[in-house]
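Reading through the structure tokens given below for one structure.
The values are calculated or read from the model by the stated rules, or taken from the named source; none is laboratory data. The model shown is predicted, which means the values in this text are computed figures rather than measured ones. Using ideal geometry, Cβ is built from the backbone for each residue, glycine included, and neighbour counts are taken over all protein chains shown.
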Amino acid sequence: MTIDFSAERWHKVKTDARQWWAGELGRPLIQVRLTGKEPGRKEPPLPSHEFASFYDLNVPAEAIIDRWDYDLCRTLFLGDAFPHVFPELGPGVIAAFLGAERENGQDTVWFDPSQDVEITDTNWQFNPENEWYVRCKDLIQAALERWQGSVQCGLTDLGGNLDILSSFRPSEKLVLDLYDFPDRVKQLTWKIHELWWTFFEEFAQMASGTNPGYSSWAAIYSEEPHYMLQCDFCYMISPAMFDEFVKPGIDGYQSIQESAGMDIVEVQKRYGDKFVVWGGVWVEHLITGRPDDVRKDVDRFMREVAPNNGCILGTSHSVAVGTKYDNFMAMLDQFTQWI
């Protein structure tokens, strides 16, 4: 049995996405994926992992893709959802491409410097034989050959410039570097920027043609290459430093976490003319709160943020593991009351 997603449904996904990007759809894109469907095929011996880096490098890329195929066969795609995978090797994997050490956590991947080097001596020489770079390409190629355009294979989580740099200058050191060596930080950030575009264009080119379209880790379909940038490091710096080191080149800001002292209303007031803000619903409310908590989050967003445009209603982080079904549905229901 194949993945349950017809050509007609792909046509609708593409049509609706085209209108959404143009601002003409008149509604948000809402993706719901339910697992547990009868797969109609034998389960492979390889266990299921969210992160492809959890598999030993000796495991063939084709075997990992076969596991993903089984998981997709068990998935019911509702609303605007579509079959989507991406080679998740860890957030900010460019650090690994440039030689950082990788460490698997319980539910994420961390990157650390292979040796302690001062910011003045920090530099990189990309090696095209780097094992994680090769692994990423192998996974993309195996996915394209396996599914022949029936599954969208997105870009890996390349990371944001300062997040990548902080993998080589762990956060507290990079914070001090912003004061002590601002020009060097900008120089290295620009070098990462150039490397970032090299990787982005190569992976996008690999996916062109066979792939249904383009996507990134965020699983938003597009007919043109795109990417959702992020900068976790910016939580540790002032608005003035954000303006100087982060804001150039940023079009949107996702993961505005109220529990970390952020306020999406204030962020929009300060930067709404510079980029789109994304959030509004506490991820903590989705996991441990009540439907009424979630509804209040939605109401505040729609009352104080949405009238100014340049915004996307969503969670303050992601629809995380542990999200209560009733809370998630309350978010969708309350939003529909406003449109």
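Before moving on, here are some points about what is shown:
- Once segment 315-339 is narrowed to residues that are surrounded by 13 or more Cβ atoms within 10 Å (Cβ to Cβ) and of a type in the set (Phe, Trp, Tyr), the residue that is farthest from the chain's Cα centre (by Cα) is PHE335.
- Condition broken by CYS234, with the remaining ones in (1) surrounded by 19 or more Cβ atoms within 10 Å (Cβ to Cβ); (2) within 30 Å of PHE5 (Cβ to Cβ) satisfied: (2)
- Identity of the residue in segment 237-256, in contact (Cβ under 8 Å) with a residue 40 or more places away in the chain and assigned to a helix (DSSP H, G or I), that ends up surrounded by the most Cβ atoms within 10 Å (Cβ to Cβ): PHE245
- Test for MET228: is it under 26 Å from PRO170 (Cα atoms), part of a loop (DSSP other than H, G, I, E, B), aliphatic (A, V, I, L, M) and assigned by TED's automatic domain parsing to the domain that holds LEU188: yes
- Among the residues of segment 1-43, just one is farther than 16 Å from PHE77 by Cα, in contact with a Lys or Arg (Cβ under 9 Å, 6 or more places away or on another chain) and buried (at least 16 other Cβ atoms within 10 Å of the Cβ), namely TRP20.
- SER259 being touching a Ser or Thr at 6+ places or on another chain (Cβ under 8 Å), of a type outside the set (Val, Ile, Thr), part of a helix (DSSP H, G or I) and modelled with pLDDT under 85: yes
- Residue in segment 198-207 that is assigned to a loop (DSSP other than H, G, I, E, B) and assigned by TED's automatic domain parsing to the domain that holds ALA143 present: no
- Within segment 301-319, the set of residues being of a type in the set (Gly, Ala, Ser) and part of a loop (DSSP other than H, G, I, E, B) comprises GLY310, SER316, SER318.
- Residues being modelled with pLDDT of 90 or more, within 17 Å of PRO87 (Cβ to Cβ), within 21 Å of the chain's Cα centre (by Cα) and not in a helix (DSSP H, G or I) - total across segment 22-72: 4
- Among the residues examined, ASP4 qualifies as in contact with a Phe, Trp or Tyr (Cβ under 8 Å, 6 or more places away or on another chain) and either modelled with pLDDT under 90 or of a type in the set (D, E, K, R) (or both).
- Restricted to segment 103-154, and to residues there that are closer than 17 Å to LEU165 by Cβ, touching a residue at least 40 places away in the same chain (Cβ under 8 Å) and among the hydroxyl-bearing types (Ser, Thr, Tyr), the residue that is surrounded by the fewest Cβ atoms within 10 Å (Cβ to Cβ) is THR120.
- Condition met for VAL298 (assigned to a helix (DSSP H, G or I), outside the structural domain of GLN31 (by TED's automatic domain parsing) and within 24 Å of THR189 (Cβ to Cβ)): no
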